[in-house]
Amino acid sequence: MNSEIVKESLRKFSEVVSFNYPAIGWYFSPEEIEDSFVYQKERWVCMFMYLKMMMKQGKRIRFSEDNGKACTGSTEYFGFAELEDDGGVFLAETERFFKNLELSKAYTRESATLIQPPKEKYLYMEQVEKIDKNREIEVVNIFPADLTNLTKLVTLSGYDSTASLMDNVLIPNCSGCQSVFTLPYNEKFQEHPRSIVGFMEPMVRNFVPEDMVSFSLPSTRFVEMANNIEGSFLDKNFSNPKGF
């Protein structure tokens, strides 16, 4: 979806939903865009260690098949490399996110089915308002200010549902990078795209602000939901009943 349309939709959301942090957009490009942040090559890092920098300084982050010694999650879950098969050891025994190796291996197998191949050599993560007007945004991440505002987004996700009336939002047990890109990007290819609530991985919570929860969805669905605000329970002209 063209970035200017996404920006207009973000303005519609901002009139009725409060956010703590700037919205993020994801887009592919064949170019090495200047002044983009790229991982240092000689030490382990997690992409979310740089989220505050991105929020405060407006830097974009570039992802590709070359991630040096950084966490392989973004490279693998963004489709630039095959998922590493370690027999389930890392998730079950190092991080202890799964009770046993079999569950860990099953998780990896399922994850592989949700990864879409990258459209270009590079994938960029940048504040929506700073993205060039000619870019095509694939996924949008927004950050509701509190549970009340998260509730608004969850309800709006089901407002126009023509499929399951209660299965429009997922809170998956997955990595942080899966929650903000892999899964919402995969939803773009589904008949009824769902929204993804993310940052539910204990490791990622070490790097993001305590009040930060992501709400992510394909850009096309983001625009649809913004267009549904008028006439819904979020319509500024609607007096929402507080009790009966």
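Suppose the filter is in a loop (DSSP other than H, G, I, E, B), touching a Ser or Thr at 6+ places or on another chain (Cβ under 8 Å) and crowded, with 19+ Cβ neighbours inside 10 Å; does PRO193 pass it?
Here the answer is yes, as PRO193 does meet what is asked.
Just checking, does region 111-124 include any residue being part of a helix (DSSP H, G or I), over 14 Å from ILE33 (Cα atoms), modelled with pLDDT of 95 or more and over 16 Å from the mean Cα position of the chain (by Cα)? Can you show your working first?
We begin by selecting, within region 111-124, every residue part of a helix (DSSP H, G or I); these are 111-112.
Within this subset, residues satisfying the condition of being over 14 Å from ILE33 (Cα atoms) are 111-112.
Filter once more, keeping what is modelled with pLDDT of 95 or more: 111-112.
Still in the running and over 16 Å from the mean Cα position of the chain (by Cα): 112.
Within region 111-124, one or more residues are part of a helix (DSSP H, G or I), over 14 Å from ILE33 (Cα atoms), modelled with pLDDT of 95 or more and over 16 Å from the mean Cα position of the chain (by Cα).
Quick grid of which residues meet (1) modelled with pLDDT under 95; (2) surrounded by fewer than 21 Cβ atoms within 10 Å (Cβ to Cβ); (3) touching a strand residue (DSSP E or B) at 6+ places or on another chain (Cβ under 8 Å):
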{"residue": "ILE5", "(1), (2), (3)": "no, yes, no"}
{"residue": "PHE13", "(1), (2), (3)": "no, no, yes"}
{"residue": "GLY25", "(1), (2), (3)": "no, no, yes"}
{"residue": "VAL38", "(1), (2), (3)": "yes, yes, yes"}
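Could you tell me which numbered condition ALA163 fails, if it satisfies all but one of (1) at pLDDT 95 or above; (2) farther than 29 Å from PHE28 by Cα?
Here ALA163 clears every test but (1).
Of all residues in region 42-61 being charged (D, E, K, R) and open to solvent by less than 70 Å² (accessible area, probe 1.4 Å), which is modelled with the highest pLDDT?
Residue satisfying both the conditions and the ranking: ARG60.
Return yes or no: is LEU153 under 18 Å from GLY198 (Cα atoms), in a helix (DSSP H, G or I) and in contact with a Ser or Thr (Cβ under 8 Å, 6 or more places away or on another chain)? Spell out the reasoning first.
Values: under 18 Å from GLY198 (Cα atoms): yes; in a helix (DSSP H, G or I): yes; in contact with a Ser or Thr (Cβ under 8 Å, 6 or more places away or on another chain): yes.
Taking the combined requirement at face value, the residue satisfies it.
Based on this model, can you work out whether ASN173 counts as of a type outside the set (Asp, Glu), surrounded by fewer than 17 Cβ atoms within 10 Å (Cβ to Cβ) and modelled with pLDDT of 95 or more?
It is true that ASN173 is of a type outside the set (Asp, Glu), surrounded by fewer than 17 Cβ atoms within 10 Å (Cβ to Cβ) and modelled with pLDDT of 95 or more.
Six or more apart or on different chains, Cβ under 7 Å: which pairs go from a residue in region 62-82 that's in contact (Cβ under 8 Å) with a residue 60 or more places away in the chain and open to solvent by less than 20 Å² (accessible area, probe 1.4 Å) to one that's of a type in the set (S, T, N, Q) and in a helix (DSSP H, G or I)? Could you list them?
PHE63/SER74; PHE78/THR182
Would region 90-113 turn up any residue that is open to solvent by 10 Å² or more (accessible area, probe 1.4 Å), within 19 Å of ILE24 (Cβ to Cβ) and not aliphatic (A, V, I, L, M)?
Scanning region 90-113 turns up no residue that is open to solvent by 10 Å² or more (accessible area, probe 1.4 Å), within 19 Å of ILE24 (Cβ to Cβ) and not aliphatic (A, V, I, L, M).
The values are calculated or read from the model by the stated rules, or taken from the named source; none is laboratory data. Small disclaimer: the values here were computed from a predicted structure and weren't measured. Note: ideal-geometry Cβ built from the backbone for every residue, glycine included; neighbour counts use all protein chains shown. Please note that ligands, DNA and RNA were not included when accessible areas were found on the heavy atoms of the full protein model with its side chains. Shrake-Rupley method; radii C 1.70, N 1.55, O 1.52, S 1.80 Å.
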